[in-house]
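Have a look at the structure below, then the notes.
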Amino acid sequence: MAALAAKVTGNAAVGRLAKGLEFKDQEKWLDACAKDLSDHRGECLVVAGAHQSAQVHALAYAINAFLGNIGKTIDFVEVPESAAASLSDLSAAAKAGKLDTLVVLAGNPAYNAPADLDFSGIANAAKQVVRYGYYVDETSALADVHVSATHYLESWGDARTADGTVVPVQPMILPLFDGLTELEVVARLAGEADVDPYQTVLETVSGISSGSKSDETAFRKFLHDGLIENSGYKVVQVSYDQASVASLFVEAPTYKALSAENLEVRFTIDHKMDDGRYANNGWLQECPDPITKISWDNSILVSPRLGAALGIEPGGAAIQVARKELSEFKQGKENAFMAEVTVNGVTVKGPVHIQPGLSNWTVVLPLGYGRKVCGRVGQGTGFDFYPARTAANQEFATGASIKILAERFLLANQQEHWSMEGRDIVREANYLGEDGYQKNPNFVDSFGIESHAPANLGKDKDMPLADVASKTPRGNSLYETPDFTGVHQWGMSIDLNTCIGCNACVIACQAENNIPIVGKQQVMRGREMHWIRLDRYYSDGKADGGAFGGEGNKEIPEDPQASLMPVACMQCELAPCEVVCPVNATVHDEEGLNTMAYNRCIGTRYCANNCPYKVRRFNFFDWNDRPIDELYLGPIAEKGMPELVKMVKNPDVTVRMRGVMEKCTYCTQRIQQAKIAQKSKARDSANIIIPDGTIKVACQQACPVDAIEFGNIKDPESAVSKAKAREQDYALLGYLNVRPRTTYLGKLRNPNPKMPDYASLPLSRVEYNNKNYPAGHSFDQGHGDSHHEAEAHEDHEPEGHTSFMKNALRTGGLS
Amino acid sequence: MSQAESTAETPAILSEVNPAVLPRATLVKNNRSFSWITEKICGIIEGKTPGWWWVCFGLAGFVASWTVGGIIYLVATGVGVWGHANPANWAWDIVNFVFWIGIGHAGTLISAILCLLRQKWRTSINRAAEAMTIFAVVCAGIFPVFHVGRVWFAWYLFPIPNSNYIWQNFRSPLEWDVFAVSTYGTVSVLFWYVGMIPDLAILRDRFYKAGNKTRSFLYGLFAMGWRGANRHWSNYEMAYLVLAGISTPLVLSVHTIVSFDFAVSLLPGWHTTIFPPYFVAGAIFSGFGMVLTLMLPLRSLYKLEDLITQYHIDCMCKITLATGTIVGYAYGMEFFIAWYSTNPYEGFAFINRAFGHYAWAYWIMISCNVITPQFFWFKKIRENTALVWILSIFVNVGMWFERFVIIVTSLARDFLPSSWGYYSPSIVEIFTFFGTFGVFSVLFLLFIRFLPIMPMAELKAVTPEADPHAGHDHH
Amino acid sequence: MAAPLHGVIATFDTAAEIYHAAQKVRDAGFKFWDCITPCPVHGLDGAMGVTRSKVPRFSLVGGLVGFTIGMSMIYFTGAVDYPLIVGGKPFFSPMFAFPIAYELTILVCAFFTIGGMFVLNGQPMHYHPVLKTEHIHRGLDDKFLIVIEARDPKFDAEATKSFLESAGGKDITDVEG
């Protein structure tokens, strides 16, 4: 950052701060980056991650100020000063014996406070500890009194968002387990004898909105809108003060290079567990980590370089036909090495996972696991790395070392293989560059098997989508396919360009469709039930086109590009699963849905075998009716769903018993409800077509970036039809002629051609070319001046082969 | 000799050239008479149960209990007690099904096809082979019935009125399987039974004469009043011929339909037109392996060397060799077509079979199926009964692995690498499968104890004694 | 009271003997008679004058019935009663209907064949005079028998016996009804 700041601002003083932080191709990188920023003054933005130090943030602000971004792409708001003391102050007070009563209102400091502050010591030093919390946790264990809290959905209250807007906390149900709301407790602590939380919030909001004591109208508006308008923090004008910032910096700092002996440790809040508060949430435990795809545990993440140095890289086979896995998988279970990481003088233990793309000498310790006092679900999941985190080094620390142990630990990794193997699964292009979107907006059609095979629809290949959806043209098929006569034809479009792989769709689907969790043991067996999954692929351009694999297959990618793809039932028009079900449990309905009749299914599982996308899920056990840790006890296990679990289930969706197959249904219950509502509204008129946008399926509803569009493709004006009309629209495995109703929009990358690590083709395309066109195709390998050594994969083709042979050799890795 | 006599005019050339007369192999050695045959076969049923039978029966029953227990646990708890998961939703269960059905096909081949081809040597082994077919179909049938998630609804597979008014999907190969395997089982039982009617009559009368009215009644019940009348034989022989004639296309179609379970799907490695002939050849191959495995010990234990001669063993070995070679050819052709197709998914599927994570299974399959039968080229090996028996075991092991390789590797790594996984069987699955050998053995032991293990009437018919034109100088 | 006479029975030692004897009996014009053999003897049908078996007619009918049941069941369920769109396949096609129709052809043909055989043989017939004779034990074992029934117009208690003796029969006795 310092070097970039120097380059951008031209300030030599800043440049001195960067000494000792050299990196590869530095000059070139800095020149290109600085030029790119300077060319877009007022239209660019430099952001420092929240975990960065104050110095780095200062440099980022300096760059933004210099580029004139302030007021254009970045605004500063005035936040009221917090009068709160810090935990360090509390710790000091405890040591000084000044603590009388300690009331813990939120959080779980016994578990996740910085270790050197010794919260248990603080608690012991206090004369009385009162803990107010929703769960009995580690802090409750230290407390003398635990006051049960209500859930926020059972309470009245208010809150401020990140930008300061006032929003309501409104109860949906009466408290299930009694308990006190937050407002009641805080008010009592503040001295109020009688508290009516509703009244309190009403008065507060009235005060803010209209200045009066009790304004029912304003309050109703507040609840209706969900916020008080213009109650956010105010934007202020700022200017960069070089002098006062300088006090943060040390002239000519010295840095020690990172290495295998001097590792940087990065503490991260886990994507699912947060700071550990969700450890007892089964849905979140079972949801795979978006990148590592590990569920039910955390792991120590190391880079491939470090993994190789430590000797934990799997050996692979002599003939490596597919890319080597990131870890040894024992019968489908990731068999991780246990390791000890010593940092800040503390040693923590955990399983190690090799993470491609991680900086060479950085080790990531995800926090939030290894809880000691949490409910039945979270007990014994993961490893606690909080003990290594000190107040001074809450985000990262250096000077760490790692030691591999002989012990092993099995991790529930939901995706064993990470490479696309040169297959046209996620179709990508660069915005510029060869075969880029700018030159070739139809880039998705220029590769893949469909690109050199006759069109599936044959002479009807240019038929408009609305007609294809109902007429189901036979294309080159031997027989006529029956028409779909429904007034709607449902379809979905998923934009791979916007998808960020957050997994919100996975959880939303689970919530909506009563999808059970199966527990770590069964996930390790590969039986997770999620109807939609996020596939995560790494591409480094090294997939080997050789016939029996090759040396390229034995490399684990150090700096790959990651591609994400949500995959759920594609609702194929010519569904291969339907053909093979002997009892007609899965058939097609008039509106294009591939329906699943649970009560008819006898569980032969042929449909799951015949699904090329493998989106069908089988109920191997009674996940809903028996406890998931007693599955193998069969009929002698406890029977029946606990009352609380029953209340979680969506009453509109069947709860499936064992032996039954299930899969994404395009939230058919929501479709049906919308159809019924539309028909009742229409009464005698024929206006039964649901307006576009009325139905939002669960995954679409939860997606934070609106990557999923769903609707009626018989209507050319619907959002989904427009999405499908875009040039980047393609069907996954389209050549199979299953005609999926869910199609994807290809991914675009936009790398700066001047950057030293520029590749003119996305690496997944490079791999595709390597595999399918081992040498001599019109597309060049496109390594450009990539910093992956442009060692060619062009040298497969021995001399003397005729062009016929060259074409015949174009197959999945045979040459 | 009789041939030369029957022609009215002998061409002059014959006296000049003096061709050698190729003797037909004697099918019953040592010139055994009809009554010897009757005594030999009936003696097994009438005599005291030998000690080794009790030992084997006890052992077989114990092993069979593994299947019983395994199935009860499976139905009570869920398919999860097996090793199935995404993406391998079929594994040992369907491998075992195809394995047992394949074994069954040799019985029908011996009974029906060899009958149509007038191979008289089939007579000493066809009864036991047919019994083997039926018991193999029973063992096979356990798997498609119980591998389903909800066995108590398995009747949904049959086109009978039901409460959801939905009919079956007749496009599905599994539905074809229902009809094919049911037909195969039924017709095999009928064919086996019809073949036994004359023998049951013999037993009925012998037990009656010996004073054992109960056993006489039981055998007599099924003998349908058979009395050996030639007018009955006339219809009987015609019915037998028709049954043989329809059993032949039946056995070919049944295993073709079983192969359709895979060929009709779209998975690389499954979706290939070579499957029907390849599976049928493989079924015959494994079936003959099992026939050899069963008949060679039986031959020694019951001293049946005169009825199951070296010629019989020779013929069986040669058929094993032929079908094994066809199977080996099919392996090569699959690979060739996958390469020739230039489809990346197909090509990978086959490379992965040979060198991927299940390569160990693949090479066991190749060595057992392609290399092992080649030993049968050598007469010395064919004459070494112990060696033939050992090789026959390898044949069955290899054929089991062939189905394993086909089913599991194609499922474990298919289109989308994100779904790739590794399947391994659970203890329950393993015991359930090995238990079926116990089930088979129990049934087979009961068969050899209570029913005539060889068709006495057919055996008699291939001896010289039955030939009305033997004239005065039959040897 | 003596039991009614069913017929006479004679024993022959070899297949050749019964073959020639049968020819004689056939030529003598007897209609209600039969040979009893432990195994089918090649050519004995011709020697007895028995025409080709009628079992195949039953088989043919059975096969046609089976095929029709198969095709019509599949047509009715798939195209008429409850048509369902399954994988975009047509509601009925002789292609996918063929395997099941084929199997049913074979199944019903087998039933009709065996049924036909039993019908033509008059089986089950657990009681028959011949089964009460001593001869039957050897007849099913290693000897060949000829039975000429009393109801045959050419039957004569004495003449038939001597006729059989002249044909080579041994141990000729009466068969009680």
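A few remarks follow.
- For B:Met316: the one exception among (1) assigned to a helix (DSSP H, G or I); (2) surrounded by 20 or more Cβ atoms within 10 Å (Cβ to Cβ); (3) in contact with a Gly (Cβ under 9 Å, 6 or more places away or on another chain): (3)
- Unmet requirement for A:Ile494, which otherwise passes all of (1) of a type outside the set (Gly, Ala, Ser); (2) in contact (Cβ under 8 Å) with a residue 40 or more places away in the chain; (3) assigned to a loop (DSSP other than H, G, I, E, B): (3)
- Being part of a strand (DSSP E or B) and surrounded by 17 or more Cβ atoms within 10 Å (Cβ to Cβ) holds for only one residue in A:Val363, A:Val321, and it is A:Val363.
- Single unsatisfied condition, B:Trp90 versus (1) closer than 20 Å to B:Leu250 by Cβ; (2) assigned to a loop (DSSP other than H, G, I, E, B); (3) at pLDDT 95 or above; (4) not β-branched (Val, Ile, Thr): (1)
- Wholly enclosed helices (runs of 4 or more DSSP H) of the range A:1-119 bearing at least 1 residues surrounded by fewer than 15 Cβ atoms within 10 Å (Cβ to Cβ) and among the hydroxyl-bearing types (Ser, Thr, Tyr): A:26-38, A:87-95
- Residues of the range B:342-357 that turn out to be assigned to a helix (DSSP H, G or I) and either touching a residue at least 60 places away in the same chain (Cβ under 8 Å) or facing chain A (nearest Cβ under 7 Å) (or both), as a count: 11
- Unique match (being within 23 Å of A:Val79 (Cβ to Cβ) and in a loop (DSSP other than H, G, I, E, B)) among A:Asp158, A:Asp163: A:Asp163
- Residues in the range C:96-115 that are among the small types (Gly, Ala, Ser), more than 7 Å from chain B (Cβ to nearest Cβ) and either closer than 20 Å to B:Ser234 by Cα or within 21 Å of the chain's Cα centre (by Cα) (or both): C:Gly115 only.
- Output for the range A:231-251, where each listed residue is farther than 30 Å from A:Asp158 by Cβ and either in contact with a Gly (Cβ under 7 Å, 6 or more places away or on another chain) or among the small types (Gly, Ala, Ser) (or both): A:Ser239, A:Ala243, A:Ser244, A:Ala246, A:Ser247
Yes/no per residue for (1) in contact (Cβ under 8 Å) with a residue 24 or more places away in the chain; (2) buried (at least 19 other Cβ atoms within 10 Å of the Cβ); (3) more than 9 Å from chain C (Cβ to nearest Cβ):
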residue: B:Asn212; (1), (2), (3): no, no, yes
residue: B:Ala229; (1), (2), (3): no, yes, no
residue: B:Met238; (1), (2), (3): no, yes, no
residue: B:Pro277; (1), (2), (3): yes, no, yes
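- Selection count where residues are within 9 Å of chain A (Cβ to nearest Cβ), assigned to a helix (DSSP H, G or I) and in contact with an Asp or Glu (Cβ under 6 Å, 6 or more places away or on another chain), scope the range B:131-173: 1
- Scoring A:Lys542 on the criteria (1) in a loop (DSSP other than H, G, I, E, B); (2) in contact (Cβ under 8 Å) with a residue 60 or more places away in the chain; (3) within 12 Å of chain B (Cβ to nearest Cβ) leaves a single failure, condition (3).
- Wholly enclosed helices (runs of 4 or more DSSP H) of the range B:368-469 bearing at least 3 residues over 23 Å from B:Phe285 (Cα atoms) and away from every other protein chain (no Cβ under 14 Å): B:427-450
- Cβ pairs under 7 Å, 6+ apart, first in the range B:255-268 and within 8 Å of another protein chain (Cβ to nearest Cβ), second surrounded by fewer than 23 Cβ atoms within 10 Å (Cβ to Cβ) and assigned to a loop (DSSP other than H, G, I, E, B): B:Ser265/B:His271
- Scope the range C:86-122; condition out of contact with any helix residue (DSSP H, G or I) (no Cβ under 6 Å at 6 or more places or on another chain), of a type outside the set (Ser, Thr, Tyr), modelled with pLDDT under 95 and under 23 Å from A:Leu478 (Cβ atoms); matching residues: C:Gly88, C:Lys89, C:Pro90, C:Pro94, C:Met95, C:Phe96
- Qualifying residue in the range C:42-51 (condition: within 7 Å of chain B (Cβ to nearest Cβ), farther than 28 Å from C:Gly177 by Cα, in contact with a helix residue (DSSP H, G or I) (Cβ under 9 Å, 6 or more places away or on another chain) and in a helix (DSSP H, G or I)): no
- All helices (runs of 4 or more DSSP H) inside the range A:175-244 with 3 or more residues being touching a His at 6+ places or on another chain (Cβ under 8 Å) and within 30 Å of A:Tyr61 (Cβ to Cβ): none
- The range A:572-600: number of residues that are over 17 Å from A:Thr654 (Cβ atoms), at the interface with chain C (Cβ under 7 Å from one of its Cβ atoms) and either of a type outside the set (D, E, K, R) or not in a loop (DSSP other than H, G, I, E, B) (or both): 7
- Tally, over the range A:545-571, of residues that are more than 10 Å from chain B (Cβ to nearest Cβ) and under 30 Å from A:Asp483 (Cα atoms): 5
- Hey, C:Phe91 aromatic (Phe, Trp, Tyr) and either in contact (Cβ under 8 Å) with a residue 60 or more places away in the chain or farther than 29 Å from B:Gln168 by Cα (or both) or not: no
- Selection within the range A:658-703: residues that are within 14 Å of chain B (Cβ to nearest Cβ) and touching a helix residue (DSSP H, G or I) at 6+ places or on another chain (Cβ under 7 Å). The member of this set that is farthest from A:Asn497 (Cα to Cα) is A:Gly659.
- One residue from A:Leu748, A:Leu732 being in contact (Cβ under 8 Å) with a residue 40 or more places away in the chain, surrounded by fewer than 22 Cβ atoms within 10 Å (Cβ to Cβ) and outside any helix (DSSP H, G or I): A:Leu748
- Of all residues in the range C:28-78 being touching a Phe, Trp or Tyr at 6+ places or on another chain (Cβ under 9 Å) and hydroxyl-bearing (Ser, Thr, Tyr), the one that is farthest from C:Gly116 (Cα to Cα): C:Thr77
- Unmet criterion (only one of (1) closer than 28 Å to A:Gln394 by Cα; (2) over 20 Å from the mean Cα position of the chain (by Cα); (3) of a type in the set (D, E, K, R)) for A:Glu216: (1)
- Here A:Ala608 passes the criteria (1) more than 7 Å from every other protein chain (Cβ to nearest Cβ); (2) in contact with a Phe, Trp or Tyr (Cβ under 8 Å, 6 or more places away or on another chain); (3) at pLDDT 95 or above except the one numbered (1).
The values are calculated or read from the model by the stated rules, or taken from the named source; none is laboratory data. Since the model is a prediction, treat every value here as computed from it, not as a measurement. Note: ideal-geometry Cβ built from the backbone for every residue, glycine included; neighbour counts use all protein chains shown.
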